[in-house]
Amino acid sequence: MVLYGVAALALCMLVGMLIGDVLGVAVGVDANVGGVGFAMILLVVATDRLRKRGLFPKPTEQGVLFWSALYIPIVIAMASTQNVAEAIGGGPMAAIAGLGALAAGAALVPVIARIGGQSEPLPAMTEEEKAEA
Amino acid sequence: MDIIADVLERNGLLFAFVVVGALMMISGWLSKTLTRGRLQGSAIAIMLGLVLAYFGGINTGGEAGLADIAIFSGLGLMGGAMLRDFAIVATAYGVDLQEIKKAGAAGVVALIAGIVVSFVVGAAVAAAFGYTDPESMATIGAGAATYIVGPVTGTAIGASSEVIALSVAAGLIKAVVVMVCTPLIAPFIGLNNPKSAMAYGGLMGTTSGVAGGLAATDKRLVPYGAMTATFYTGLGCLLGPSVFYFALVGLFG
């Protein structure tokens, strides 16, 4: 059943968020620490085990894949609800601070990605994968 | 007209699907005709979304871009934190845990380096513009991390509301430029594999920026970038009002 997939996904996310919130309280900050990350690891581990036992059939999988496919549209909706007017209204100092943080961070990507050996680029996307996005 | 607007408002989420669908169609067409596919349709759609958000904000004076216009309010639900994080978690389905373990050390280093670098750059820019007291420097530095870390830090250490507003603006600018620039800079920084995506997520930290930027670059990288970015804001809120602020007080106080 498709809903089993959606429910499993939602459960992983809720548990992950809970861990993130508890961790936030534990370290004394008013923020969720890594909730999405914990939820992802939960989903990967749980579905992997269920699949191996044959408890995660194709229809159930569809419930997860549907939301994965909706990711880009959701991000576009998110972009259209950003507070761009205020960002631009912040003037040159805010812009330079934001841009500077991006530039300095981006420059470090090749350096840090080298830790633990060089990685191979992902293969080019197939036509099928492109159509999904 | 009133009847149409009423129906669209009552079914906001459904209208949001239609609006985003139309945006994606236009963007796909622009991508093919104007850039011959060089710039992905999703990258163009995100930019169009940001432009629309700008005009929405200008027209209403609100904080939620296009979603402040009543008939587009469904975009707020569709693009809000709940569904966004839900979809991000869904992209992790089928991810190889080995890849994450392999990149774990790089991810942790990236997180710490990302927060420190943003703080330092932000604080230096603040000082260059004449905000030389430790409270203002720490708050704007924290804003250069993310637009959540800025106000959390500013409130905790008692920065002025003007400085807090500037820190939010710095964080917003970062989120927006990360969304727009990621696909453009990706080839130059080797952003084409899970490990560099994890490093990128940790270095940038802005969940919305990384989520949008990687979506426009290569959707398969999203779960890796999001995995590290999700720790950033929490860690920033922890370090901003404490270690970072005290370091600035020690240096300039």
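Here are the numbers for this structure:
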| item | result |
| --- | --- |
| Rounded Å value of the spacing that divides the Cα centres of the range A:1-29 and the range A:63-128 | 23 Å |
| On Cα atoms only, tilt of B:222-239 relative to the major axis of chain B in degrees | 40 degrees |
| Net charge dipole size for the range A:38-115 [Lys, Arg +1 and Asp, Glu -1 on Cβ; Debye, nearest 20] | 540 debye |
| Three-way shape label, chain B, alpha-carbon gyration tensor, a/c 1.5 | oblate |
| Inter-chain Cβ neighbour average for residues B:237-247, partner chain, 10 Å | 2 |
| Which of A:Pro92, A:Pro73, A:Cys12, positive extreme of dipole for the range A:12-133 (C-beta unit charges) | A:Cys12 |
| Burial of 50 Å² or greater, the range A:1-16 residues [accessible area, probe 1.4 Å, versus chain by itself] | A:Met13 |
| Euclidean distance of C-alpha centroids, the range B:114-142 and the range B:189-253, integer Å | 17 Å |
| Solvent-accessible area of B:Tyr54 with every protein chain in place, 1.4 Å probe, in Å² to the nearest 10 | 70 Å² |
| The range B:2-79 - charge dipole about Cα centre, Lys and Arg +1 at Cβ, Asp and Glu -1, debye rounded to 20 | 580 debye |
| Residue of B:Gly12, B:Gly202, B:Gly94 that the Gaussian network model of chain B assigns the largest fluctuation, springs spanning Cα pairs under 10 Å | B:Gly94 |
| Accessible surface ranking that places the most exposed of B:Arg220, A:Arg53 first, with a 1.4 angstrom probe | A:Arg53, B:Arg220 |
| Carbon + sulfur, % of accessible area of the range B:97-252 - ligands and nucleic acids excluded, 1.4 Å | 73 percent |
| Qualifying trypsin sites (Lys or Arg not before Pro) for the range B:1-73 [loop in DSSP, other Cβ within 10 Å: at most 10] | B:Arg36, B:Arg38 |
| Residues in the range B:11-31 that, when all protein chains are in place, have 50 Å² or more less accessible area than the chain alone would give (probe 1.4 Å) | B:Met24 |
| Among B:Leu203, B:Leu34, B:Leu214, residue whose mean-square fluctuation peaks in a GNM of chain B (springs only between Cα atoms under 10 Å) | B:Leu34 |
| Helix-only [θ]222 nm of chain B, DSSP H runs n ≥ 4, -39500 (n - 2.57) each, per residue, nearest 500 | -25000 deg cm²/dmol |
| 1.4 Å probe accessible area per residue over the protein assembly as shown, in Å² | 43 Å² |
| Chains A and B together, accessible area buried on both sides, 1.4 angstrom probe, square angstrom | 7600 Å² |
| Percentage relative contact order, chain A, counting C-alpha pairs under 8 Å, at least six apart | 23 percent |
| Neighbouring partner chain Cβ atoms per residue of B:37-46, average, 10 Å criterion | 3 |
| Average partner coverage of B:95-105, which counts Cβ from other chains inside 10 Å | 3 |
| Accessible area (Å², 1.4 Å probe, nearest 10) - B:Asp68 | 60 Å² |
| Whole-percent carbon and sulfur share, accessible surface of the range A:1-70, 1.4 Å | 72 percent |
| Nearest 10 degrees, 0 to 90: helix B:194-204 Cα axis against chain B principal axis | 70 degrees |
| Rounded to the nearest 20 debye, dipole of the range B:97-252 from Cβ charges on Lys, Arg, Asp, Glu | 580 debye |
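The values are calculated or read from the model by the stated rules, or taken from the named source; none is laboratory data. The model shown is predicted, which means the values in this text are computed figures rather than measured ones. Positions of Cβ are generated from backbone atoms using ideal geometry, with glycine treated the same way; all protein chains shown enter the neighbour counts. Accessible surface is based on the protein model in full, side chains and every heavy atom, while ligands, DNA and RNA are left aside. Shrake-Rupley method; radii C 1.70, N 1.55, O 1.52, S 1.80 Å.
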